[in-house]
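Report on one structure; see the data block that follows.
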Amino acid sequence: MYASREDIGYDFGDDSKVGSKPIKPNPNIDGGWAWMIVLSSFLVHILIMGSQMALGILNMEWLEEFNQSRGLTAWVSSLSMGITLIVGPFIGLFISMCGCRTTAIIGGILNALGWILSAYASNVHYLFLTFGVTAGIGSGMVYLPAVVMVGQYFQNRRALAQGLSTTGTGFGAFLMTALLKYLCTEFGWRNAMFIQGAISLNLCVCGALMRPLSPKELREKYVVGNDSEENRAKALSHSTETIKSNGVLGEEPEKKEEAASEVLGSVQHIEIGGKSGSGRSMYGLRLFKTVSQLTVTVRKGFALWYSSYFGAASLFTNRVFVAFIIWALFAYSSFVIPFIHLPEIVKQYKLSRQDNVFPLTSIIAIVHIFGKVILGIISDLPCISTWNVFLTANFTLVTCILTLPLMQTYIGLAVVCALIGFSSGYFSLMPVVTEDLVGTKHLANAYGIIICANGISALFGPPFAGWIYDITQKYDFSFYIAGLLYMVGIIFLLIQPCIQKKQSRDKSTEEAQV
């Protein structure tokens, strides 16, 4: 139905220079160090997303410890998950200025600090600040770079690479559920959070593995990916359109960079010529040089970030992308709610004995792994549309969410949870679909917006489900309402591209008549 950017009829283009000379493929694109990036992203998903999927264990501990309502207590988990994703656009600005590696390392330290400080919580509101906000911001600073770096290092195997890296969520949910259960039983939930904080410091190692590609390597990626004559022509036209649409914004950074280079050159000249001067003067000149370099970096990063959101080539002028944002606002809560509230549902149905043998959340996590890999492999097939696979998985997931309240036996719940796990494997396709819509250049900022919308969904979903339970004393209506809202988002995904294609056809017909 909708296979790519060309099918949808919208593209921002990449600023790649397409030449006639054959360029030797970079060994690090689709191979070499690219697989280390996949490993780094895989470990990030284990430590961040996997831990968040296992928060149902801690949620039960907090209910017993602080004796607060389910709705209020669920805000702790929701804040952590929501803020991780909501800060995406601002992390995009940070990435533009500092790069993925620095951003991820700082985020790893913040995340570990949030877990450790939460071990000393005296009430739920304390956890809002330490676990929800501090650990949430730290998680966001690691998660977005992990996704963006995989997109930068892969051209022909993007869906497979994203699928392999995001399987860390499933592995993490399975491993962290077992680990947190064991730690809480043996040492109590406070010591469990302290230990988890120490484990989270490994995020800094993951960040250190995120070696940035040079501009030359990025250009080679785009040119090699467009080696046919037709694609070269398209790439050239995209580059021309980008220059036209970004005229002012594209020229300003270059002018600023030239001016800054002149300043830095004069500083170096003075520095060389003034070696006989005092040490204090030399220190001042070096400090001025460092500040000038930092200013240039900040200006360039902010210009790129600003142009993506508010410039002539704003992401919000892409109507299909806007429909994608609306879908994201409703989608993620339908996946998060079962992870947070399934332990309580199992307890209500008196299925704790079977669930202790093989937890339902672990079933979702394990099948989720296979779902991501299989859907990624299918999407990379030349005859298969990634967009169609994405929509089919969404329809399957929303059906499962609406069906889950009808199941009151362990076998029935296990089957539905397995389907939820497999169909939610479409998460690995989200970066690929986003890149198809806006191009690689805008991927960091665009995906930041998408996960921000997902974060809003995750922020309000579990507390809403808890609030509905406090009123009705059952979770059924929570799943029904979440499923219906999710269906609204899917309808937006279906309608807007159809309108976009119809407008493109009408425009082509008018041009042909003229």
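Placing unit charges on the Cβ atoms only, positive for Lys and Arg and negative for Asp and Glu, gives segment 312-505 a dipole magnitude near 280 debye about its Cα centre. Taking every protein chain into account, the 1.4 Å probe leaves Glu65 with about 90 Å² of accessible area, to the nearest ten.
How much net charge surrounds Ala465 when only other residues with a Cβ under 14 Å from its Cβ are counted (Lys, Arg +1; Asp, Glu -1)?
On the way: positive: Arg70, Lys474; negative: Glu344, Asp470, Asp476.
Its environment carries a net charge of -1.
With a Förster radius of 35 Å applied to the C-beta separation of Tyr120 and Val205, the computed FRET efficiency comes to 0.85. Spacing of the modelled spin labels on Ser214 and Arg319, each 7 Å from Cα toward Cβ, amounts to 4.4 nm.
Could you tell me the center-to-center distance, by alpha carbons, between segment 395-471 and segment 168-213 in angstrom? Taking the Cα centre of segment 168-213 as reference, the centre of segment 395-471 is 22 Å away. Remark: for residue pairs Lys347/Lys474; Lys347/Lys372; Lys350/Lys474; Lys181/Lys347, the C-alpha separation exceeds 22 Å in Lys347/Lys372.
Please work out how much length the chain gains when fully extended from Thr290 to Met36, using 0.36 nm per residue of separation minus the C-alpha to C-alpha distance, in nm with one decimal. It would help to have the intermediate numbers written out before the result.
Values: separation 254, 0.36 × 254 = 91.44 nm, distance 3.17 nm.
Gain on extension, Thr290 to Met36, equals 88.3 nm.
What is the calculated FRET efficiency for Asp470 to Thr392, with r their C-beta to C-beta distance and R₀ = 30 Å, to the nearest 0.05?
Values: r = 36 Å, r/R0 = 1.19.
Taking R0 as 30 Å, the efficiency between Asp470 and Thr392 is 0.25.
Take every pair of alpha-carbon atoms less than 8 Å apart whose residues are at least six positions apart; their mean separation over the length of segment 27-215 yields a relative contact order of 41 percent.
The values are calculated or read from the model by the stated rules, or taken from the named source; none is laboratory data. It should be emphasised that the depicted structure is a prediction, and the values quoted were computed from it without experimental measurement. We place every Cβ from the backbone using ideal geometry, glycine too, and count neighbours over all the protein chains shown. Accessible surface areas use protein heavy atoms only, side chains included; no ligands, DNA or RNA. Shrake-Rupley method; radii C 1.70, N 1.55, O 1.52, S 1.80 Å.
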